Amino acid sequence: MPQEPKKRHSRARQGKRRAAIKLSIRETVLCFNCQNPVLPHTICKKCGFYKGREVIDVAKKKKEKEKKEKIEEKNTA
């Protein structure tokens with residue numbers, strides 16, 4: 001059988017325990033290329049660079065997205 005608490009914990013004690021459980025603000029670093037704040041160890045969404053080298057061609061993806069949107073507009077119209 002599981003153990004039961006011997007005495008009730010007061011509201012103040014409960015509050016002290018819960019005060020330590022909190023959300024923290026996420027740290028950001030500046031992108032090497034465009035100086036945009038990004039989360040550490042992630043690719044910059046603005047320029048596509050990571051650790052000083054281009055990983056994703058953002059301009060190419062943007063053009064593809066615009067092209068796709070135009071096709072969808074034509075199909076819906």
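Read the figures in this text as sums done on the coordinates, not as results from a lab. Note that the structure is predicted; figures quoted are calculated from it, not measured.
Tell me, what HN-Hα J-couplings in whole Hz come from the Karplus equation 6.51 cos²θ - 1.76 cosθ + 1.60 at θ = phi - 60° for each residue of segment 62-69, using x for Gly and Pro?
Listing the rounded values in order: 5, 5, 4, 5, 4, 4, 5, 5 Hz.
What number, in percent, do you get for the relative contact order of the chain if the mean sequence gap of Cα pairs under 8 Å and at least 6 apart is divided by its residue count?
This gives 14 percent for the chain.
Give the cross-link partners of LYS74 among the lysines, using a straight C-alpha distance below 24 Å as the criterion and excluding same-chain residues fewer than 8 apart.
Here the lysines satisfying the reach criterion relative to LYS74 are LYS60, LYS61, LYS62, LYS63, LYS65.
Say we join alpha carbon atoms closer than 10 Å with springs in a Gaussian network model of the chain; which of ARG11, ARG53, ARG26 then has the biggest fluctuation?
Looking only at ARG11, ARG53, ARG26, the largest GNM fluctuation is found for ARG11.
Convert 4 °C to kelvin, take the viscosity as 1.567 mPa s, use the Kirkwood radius over C-alpha pairs of the chain as Rh, and evaluate the Stokes-Einstein diffusion coefficient in µm²/s, rounded to a whole number. Provide the component values of the computation, followed by the final result.
On the way: Rh = 17.7 Å.
Approximately 73 µm²/s, per Stokes-Einstein.
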